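Q: The structure is given below, and queries will be raised subsequently.
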Amino acid sequence: MGLTRKRLAHIVFESDDAASKRFDVVLLIAILGSVTIAVLDSVRSLHESYGTIFYLLEWMFTLLFTVEYLLRVWLSRRTAGYVFSFYGMVDLLAILPTYISLLVVNSHFLTVVRALRFLRVLRVLKLGRYMREAQVLSDALYNSRMKIQIFLGSVVTIVLVMGTVMFFIEGPESGFTSIPMAMYWAIVTLTTVGYGDISPMTPLGQFMASLIMLLGYAIIAVPTGIVSSEITAVNTKNKLAEEQRACHVCHATGHDKDAYHCKYCGGRL
């Protein structure tokens, strides 16, 4: 039984042999089918014609994913580690909407969250090497978090001040019925979205709106510059770390940050 469970765990969690790859491919096809069903069922004409079929297929996929989830929980070496991990939470959220739909109408459409499970394709197709670039972006965002927080705080302050000013200038007659409503208009204008549901009528209000629009274009460049500079800094840091990492056998440098063996002589790093 121990060997069987070990082999089953290898198939479920790994992807380095034919059986485990087949398991992952079947799982990806099931995810694609489930998401497609949820999307098609949201179309009224298709729901009226094939609603029963969609309903049965959705429950079939849900039961399949439920069995798979329970299997992963049972086979995990650290059950809590899997349950509270990113993939564990996504796997759980992939099955909950259908069960919740028994109590809340239309909540089964939330099953489109299963699309997040396509991230497993990185493991199936051996695309893990591209995760390094994702890590660079993640590090850049983390390193610039304080600057971004200050930037967002400044934007919120501008929105509050400009919204209050516009509420004072325009008033309820122009649709600015409250400061929160005026702040909503300021956000829409500052982000250059411009829904047009509220607009200033007075010359002074239109002048203030013009200033906010121009300010919006200037603000767009700020977070881009912050993150770009951090990405450059992270890439520079990683490059220096790779250049300084030398092989103990041939003393060659220039190895990847996550490499375990020398790419020139094969020696252990």
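Here, each number is a calculation from the coordinates, and none is a lab measurement. Remember, it's a predicted structure, so these values are computed and weren't measured experimentally. FYI the Cβ positions are ideal-geometry reconstructions off the backbone, even for glycines, and counts take in every protein chain you see.
Q: Between residue 42 and residue 63, what is the FRET efficiency for a Förster distance of 25 Å, r being their Cβ-Cβ separation, to the nearest 0.05?
A: 0.70
Q: Can you list residues from other chains, or at least 5 along the same chain, whose modelled amide H is less than 5 Å from the amide H of residue 261?
A: Under 5 Å from the amide H of residue 261: 269.
Q: Below 8 Å between Cα atoms, with a sequence gap of 6+, how large is the relative contact order for segment 55-114 in percent?
A: In percent, rounded to a whole number, it is 30.
Q: Moving on. Along the Cα→Cβ direction, 7 angstrom out, place labels at residue 90 and residue 237. What is the inter-label distance in nm?
A: Between residue 90 and residue 237, the label points sit 2.6 nm apart.
Q: Compute the FRET efficiency between residue 154 and residue 28 as 1/(1 + (r/R0)^6), taking r as their Cβ-Cβ distance and R0 = 51 Å, and round to the nearest 0.05.
A: Result of the calculation: an efficiency of 0.70.
Q: Please compute P(r) over all alpha-carbon pairs of segment 5-80, binned at 5 Å starting from zero, and give each bin as a whole-number percent.
A: For segment 5-80, the pair-distance distribution reads 3, 15, 19, 19, 15, 11, 9, 6, 3, 0.
Q: Ordered by residue, what ³J(HN,Hα) values in Hz, to whole numbers, does segment 30-40 give under the Karplus form 6.51 cos²θ - 1.76 cosθ + 1.60, where θ = phi - 60° and Gly and Pro are x?
A: Values per residue, Gly and Pro as x: 5, 4, 4, x, 5, 5, 4, 4, 4, 5, 5 Hz.
Q: Please work out the FRET efficiency for the pair residue 13 and residue 214, using the Cβ-Cβ distance as r and a Förster radius of 51 Å; give the result to the nearest 0.05.
A: Using R0 = 51 Å, I get an efficiency of 0.40.
Q: I need the phi-derived Karplus couplings for segment 48-62: 6.51 cos²θ - 1.76 cosθ + 1.60, θ = phi - 60°, integer Hz, Gly and Pro marked x.
A: 5, 8, 10, x, 5, 5, 4, 5, 5, 5, 4, 5, 5, 5, 5
Q: Please give the length that would be gained between residue 77 and residue 99 if that part of the chain were fully extended, namely 0.36 nm times their separation in residues minus their C-alpha to C-alpha distance (nm, one decimal).
A: 5.2 nm
Q: Here is a further query. Any idea what the relative contact order of segment 159-231 is, in percent, if you count C-alpha pairs under 8 Å spaced at least 6 apart?
A: 29 percent
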